[in-house]
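Report on one structure; see the data block that follows.
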Amino acid sequence: MTEAVIVSTARTAIGRARKGSLVGLDAFELAEAVVPGVLERSGVPAADVDDLVLAESYQGGGVIARNIAVRLGLLGASGLATNRHCAGGLSAVTIAAGSIRAGMDKVVIAGGTESLTNAARSTKRDAAGQYQPWMAPSHPNTPEAPAFDMSITVGENTAREMSLTRRDVDEWTVYTQERALASIDSGAFVDEIIPLDVTRPDGTTIRFDTDEHPRRGTTLERLAALPLLHPELPNATVTAANAAGLNDAAAAVTLTSDDYASVHGLTPLARIRSWATAGLEPALTGLAPTLAIPRALDRAGLTLADIDLFEINEAFCAVPVAAIRKLGIRPEIVNVNGSGASLGHPIAATGARMVVTMVGELRRRGAALGCVSMCAGGGMGAAMIIELI
């Protein structure tokens with residue numbers, strides 16, 4: 001069987017939305033930086049790129065991938081936009097891997113791009129013929145699963161379902177911040193990040209090459225002093241600190257067939273062993289990784305014990321804690337570089353960023369197998385198994 005292998009990875013550093021270093025760059029410009037960067041790192045000639053698949057979420061409904069392909073002269077790569085909310089970037093990678101494994105494509109660049117700072121604003125005509133602000137709901141709105149309040153639909157519901165306390169999720173918040181900062185301080189992300197020269201609103205230019213969302217000095221005592229988002233709920237857990245950030249970034253990988261890599265003298269970094277998605281009722285969205293991970297493992301012929309590292313996105317810190325408890329995963333191998341609540345969660349880019357970081361961490365440790373997984377709005381989830389070569 002043809003294998004889909006990763007021959008290069010790249011991402012931007014993650015900026016804080018609306019007040020961080022990337023506010024002056026939209027999702028198109030972020031992609032325009034990452035795509036040529038990951039292609040250059042791959043050693044693949046531009047003319048050999050069969051397609052470009054980029055996830056996007058709040059960017060107005062166009063096809064950013066085609067726009068970027070034209071900007072960069074990749075005219076033969078038609079371009080595809082995909083949206084699976086928080087799992088969009090990972091789904092872009094699975095689409096590329098599937099096409100390669102099916103023998104339809106030989107080289108595909110896949111990833112995601114997100115600028116929540118510069119997200120498009122939509123309007124919709126009401127019954128009176130007036131256009132009002134509008135956003136597409138991820139699922140039908142219900143009291144137990146509000147379509148526009150994920151702190152309840154994901155955060156609080158997950159904590160309640162798994163009997164998690166605020167201390168449980170705050171302890172994870174301290175852990176993920178510590179792991180993200182340790183990774184930054186050790187230079188773990190240097191090779192995966194493409195530095196950007198960014199012009200600030202005051203006209204000065206800076207080199208942006210370090211994730212800016214992690215917060216130093218995070219302690220249980222400081223977290224305990226933060227207000228709850230929903231103090232009216234019994235045993236509430238969610239605060240601004242144990243939820244994911246609002247962020248800007250882009251990330252991508254270059255995938256080829258194993259035959260293409262061999263013929264062209266490329267050195268694969270990793271192979272995509274398997275992937276899976278899952279759906280469940282929206283009120284249980286935060287438990288979606290507990291369905292997607294076993295499915296991906298089963299499709300790869302693996303068990304939990306075979307996996308060296310996990311990253312389970314912290315849309316809310318209740319999500320990885322719930323998965324650890326429900327599946328019996330060793331917590332010390334989960335989110336060893338941080339995740340959404342510490343590094344940040346640039347929605348459409350997150351899944352691809354997780355693949356980029358997992359490949360890098362497996363290589364640093366000389367480990368074999370990694371699993372990345374996340375929930376996604378509306379009762380969705382996804383997981384992927386990556387094997388180091």
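The values are calculated or read from the model by the stated rules, or taken from the named source; none is laboratory data. It should be emphasised that the depicted structure is a prediction, and the values quoted were computed from it without experimental measurement. Virtual Cβ from ideal backbone geometry, glycine too; neighbours counted across all protein chains shown.
Within the stretch 225-260, if we keep just the residues that are among the β-branched types (Val, Ile, Thr) and crowded, with 24+ Cβ neighbours inside 10 Å, the residue that is nearest to Ser339 (Cα to Cα) turns out to be Val238. No other residue among Asp105, Asp26, Asp126, Asp51 is free of Cβ contacts under 8 Å to residues at least 12 places away in the same chain and either touching a strand residue (DSSP E or B) at 6+ places or on another chain (Cβ under 7 Å) or within 25 Å of Met384 (Cβ to Cβ) (or both) apart from Asp126.
Condition first: under 20 Å from the mean Cα position of the chain (by Cα) and not hydrophobic (A, V, I, L, M, F, W, C). Now tell me which residues in the stretch 139-176 satisfy that. Once the filter is applied, which keeps residues that are under 20 Å from the mean Cα position of the chain (by Cα) and not hydrophobic (A, V, I, L, M, F, W, C), the stretch 139-176 yields Asp149, Ser151, Thr153, Gly155, Thr158, Thr173, Tyr175, Thr176.
Among the residues of this structure, Asp126 counts as one that is modelled with pLDDT under 95, over 28 Å from Leu233 (Cβ atoms), over 22 Å from the mean Cα position of the chain (by Cα) and not basic (Lys, Arg).
Scanning the stretch 274-282 for any residue that is under 18 Å from the mean Cα position of the chain (by Cα), hydroxyl-bearing (Ser, Thr, Tyr) and closer than 26 Å to Trp172 by Cα turns up at least one such residue. Taking the stretch 64-84 as the range and being in a loop (DSSP other than H, G, I, E, B) and surrounded by 17 or more Cβ atoms within 10 Å (Cβ to Cβ) as the test, the residues that pass are Leu72, Leu74, Ala77, Gly79, Asn83.
Applying the condition of being in a loop (DSSP other than H, G, I, E, B) and either free of Cβ contacts under 8 Å to residues at least 60 places away in the same chain or aliphatic (A, V, I, L, M) (or both) to the stretch 196-214 and asking which residue is surrounded by the most Cβ atoms within 10 Å (Cβ to Cβ) yields Thr204. The residue pairs whose first member lies in the stretch 233-245 and is of a type in the set (Asp, Glu), whose second member is assigned to a loop (DSSP other than H, G, I, E, B), and whose beta carbons are closer than 6 Å, counting only pairs six or more residues apart or on different chains, do not exist in this structure. A count restricted to the stretch 261-306 and to residues that are buried (at least 20 other Cβ atoms within 10 Å of the Cβ), assigned to a loop (DSSP other than H, G, I, E, B) and among the polar types (S, T, N, Q) stands at 0. Could you list, in sequence order, the residues of the stretch 92-113 that are more than 17 Å from Ala249 (Cα to Cα) and assigned to a helix (DSSP H, G or I)? Hits for the stretch 92-113 are Thr94, Ile95, Ala96, Ala97, Gly98, Ser99, Ile100, Arg101. Checked against (1) under 30 Å from Leu39 (Cα atoms); (2) at pLDDT below 95; (3) of a type in the set (A, V, I, L, M), Val108 passes all but condition (2).
For the stretch 242-260, taking the residues that are assigned to a strand (DSSP E or B) and within 20 Å of Asp51 (Cα to Cα), the one that is farthest from the chain's Cα centre (by Cα) is identified as Ser257.
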